[in-house]
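To start, the structure under review is shown below, and the notes come after it.
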Ligand code: DON
């Protein structure tokens, strides 16, 4: 057993990530880009479909990258992982009375499952669940937007991470479905605060801009049992990280979570800005950005890039 384990460690340890990333860039830059840049948030429609970057950060503190890996983009639903982590730090077990932990098998913005579940969203990563998490944070902090940013700064060690007010306003201007959802949740008593206030917080958390490099560094905590890499400080417990990774694996890609597991085999989270972050526990965090989305709302080229990563390295969590 021991022999077998050390062989595994040695092989992962000697993986030439830069060579593999270069191959992914070469293969996929030439491939035709399928999918469409998200247009339902007018500001996002302006982003070039040609952007393509990837960044892998491992527990040894090594960085590997290509393309537009240092350019910031709208993280959108990737922010749901950060808001969930903060809410779990504060209330944890009470949170699970208000939001479930099962895959939805439905689109990210579906309203349909709320009726039968008495206003309890299936999981914290569909919009309905993220709105309940946002409501928890609005209840816990007198200035939730400032508290969320300071959590992001603590997580990344980078105090320049911020909201993009133009994107937040743009999403609000067309946010009819999220307004409907928040009001519907409120009718079940599963939003405690003013709907406007909860949505304002939610649109802001989605508007945060980060690069692939910054995202992989922020997600390393989920590969490192809750510890920050630079300072070794424990930000989340091992149990919290286990649960967040489990939710990313089963619910991180909405009605495409099965496909992502099947093709990539890592916990991960996508956003309609075209970003995807994935975690290989005890090894690395990786972020990829390519704006055109497939019909399920996930980056088409990003999914392909991560499939190539686990195939070419020969390692996933399975
Ligand atoms: O609520 C929305 O529609 C967006 N702010 C976030 C959606 C999103 O990123 C879904 N992910 N693929």
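The values are calculated or read from the model by the stated rules, or taken from the named source; none is laboratory data. Everything numeric here is computed off the predicted structure, so don't read it as measured data. When we count neighbours, we look across all protein chains shown, and the Cβ atoms used for this are built from the backbone with ideal geometry, even at glycine.
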Identity of the residue in region 188-204, in contact (Cβ under 8 Å) with a residue 60 or more places away in the chain, surrounded by 17 or more Cβ atoms within 10 Å (Cβ to Cβ) and not in a helix (DSSP H, G or I), that ends up nearest to the ligand (Cβ to nearest atom)
191
With respect to residue 207, is the statement that it is within 16 Å of the ligand (Cβ to nearest atom), touching a residue at least 12 places away in the same chain (Cβ under 8 Å) and in contact with a strand residue (DSSP E or B) (Cβ under 8 Å, 6 or more places away or on another chain) true?
yes
Taking the options 312, 293, name whichever one is over 19 Å from residue 216 (Cα atoms), modelled with pLDDT of 95 or more and touching a strand residue (DSSP E or B) at 6+ places or on another chain (Cβ under 8 Å).
293
In region 91-111, anything surrounded by 14 or more Cβ atoms within 10 Å (Cβ to Cβ) and either within 12 Å of the ligand (Cβ to nearest atom) or not in a loop (DSSP other than H, G, I, E, B) (or both) is listed as 95, 96, 107, 108, 109, 110
Have a look at 56, 84 and point out the one that is within 30 Å of residue 235 (Cα to Cα), modelled with pLDDT of 95 or more and assigned to a strand (DSSP E or B).
56
If I go through region 277-315 residue by residue, how many of them are outside any loop (DSSP other than H, G, I, E, B) and more than 9 Å from the ligand (Cβ to nearest atom)?
24
Of all residues in region 154-178, which are in contact (Cβ under 8 Å) with a residue 12 or more places away in the chain, closer than 29 Å to residue 235 by Cα and assigned to a loop (DSSP other than H, G, I, E, B)?
157, 158, 161, 162, 163, 164
So is residue 29 over 20 Å from residue 253 (Cβ atoms), more than 16 Å from the ligand (Cβ to nearest atom) and assigned to a helix (DSSP H, G or I) or not?
yes
Residue list for region 148-161, restricted to those being under 26 Å from residue 192 (Cα atoms) and surrounded by 15 or more Cβ atoms within 10 Å (Cβ to Cβ):
148, 149, 151, 152
For region 48-90, which residues satisfy the criterion of being away from the ligand (no atom under 16 Å from the Cβ), surrounded by fewer than 22 Cβ atoms within 10 Å (Cβ to Cβ) and closer than 18 Å to residue 162 by Cβ?
70, 71
Residue check, residue 121 surrounded by 22 or more Cβ atoms within 10 Å (Cβ to Cβ) and in a loop (DSSP other than H, G, I, E, B):
yes
Among the numbered conditions (1) more than 16 Å from the ligand (Cβ to nearest atom); (2) in contact with a helix residue (DSSP H, G or I) (Cβ under 7 Å, 6 or more places away or on another chain), tell me where residue 262 comes up short.
(2)
Look through 131, 137, 114, 185 and report the one residue that is within 16 Å of the ligand (Cβ to nearest atom), modelled with pLDDT under 95, part of a helix (DSSP H, G or I) and over 21 Å from residue 249 (Cβ atoms).
114
Exception for residue 255 within (1) on the phi < 0 side of the Ramachandran plot; (2) crowded, with 21+ Cβ neighbours inside 10 Å; (3) within 12 Å of the ligand (Cβ to nearest atom) falls at (2)
Considering only residues of region 32-47 that are loosely packed, with under 15 Cβ neighbours inside 10 Å and closer than 14 Å to residue 299 by Cβ, which is nearest to the ligand (Cβ to nearest atom)?
36
